[in-house]
1. Output the qualifying pairs, or none if there are none: Cβ atoms under 8 angstrom, residues six or more apart or on different chains, first residue in the stretch 47-62 and under 19 Å from residue 14 (Cβ atoms), second residue among the hydroxyl-bearing types (Ser, Thr, Tyr).
2. Take the residues in the stretch 1-23 that are part of a helix (DSSP H, G or I), of a type outside the set (Ser, Thr, Tyr) and surrounded by fewer than 12 Cβ atoms within 10 Å (Cβ to Cβ); name whichever of them is modelled with the lowest pLDDT.
3. So which helices (runs of 4 or more DSSP H) stay within the stretch 24-121 end to end and still have 2 or more residues that are surrounded by 12 or more Cβ atoms within 10 Å (Cβ to Cβ), at pLDDT 85 or above and of a type outside the set (D, E, K, R)?
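The values are calculated or read from the model by the stated rules, or taken from the named source; none is laboratory data. From a predicted model like this one, the values you see are computed outputs, not experimental measurements. Because the Cβ atoms are built from the backbone with ideal geometry, glycine has one as well, and the counts that use them run over all protein chains shown.
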Amino acid sequence: MGASPGGVPSANSGAMANAKSQIRGIYNVFVEALKSFPMGSDDHKALLNIMNSINKLAPPTAEVPGQQATTMAGLAQQAQQSAALASLGGASSAGGSAGGGGAMGGPPTPAMPPSLAQAAA
């Protein structure tokens, strides 16, 4: 009367395809970021290793154009929110001693991802 022992639950193939498409979108972000690292540097090599692993998990055939646009829009929105939060946090810690402007009197700089901020510290 209960679940049969031969009935192993399986993942939803649509959800898996969606996840792989999202991962592929992140891969494309890494492709752009890779251009900023000097070729042969430790960071360049590390990012290439990550990209190779992602490419095995989500090959180019996993891309879904509509999903790519949605993923990229979500990442852009997160970056904007992070920048807004960082500028609010920076304004309170600066104390307004720079005459009310940015650190150099210019526009605020975009937020640095936490992983990079920790590496820079």
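1. Listed by first residue and then by second, the contacts come to 58/21; 58/27; 62/21.
2. Applying the filter and picking the extreme gives 14.
3. Numbers: elements: 42-57, 65-94, 114-120.
Filter on the stretch 24-121 gives 42-57.
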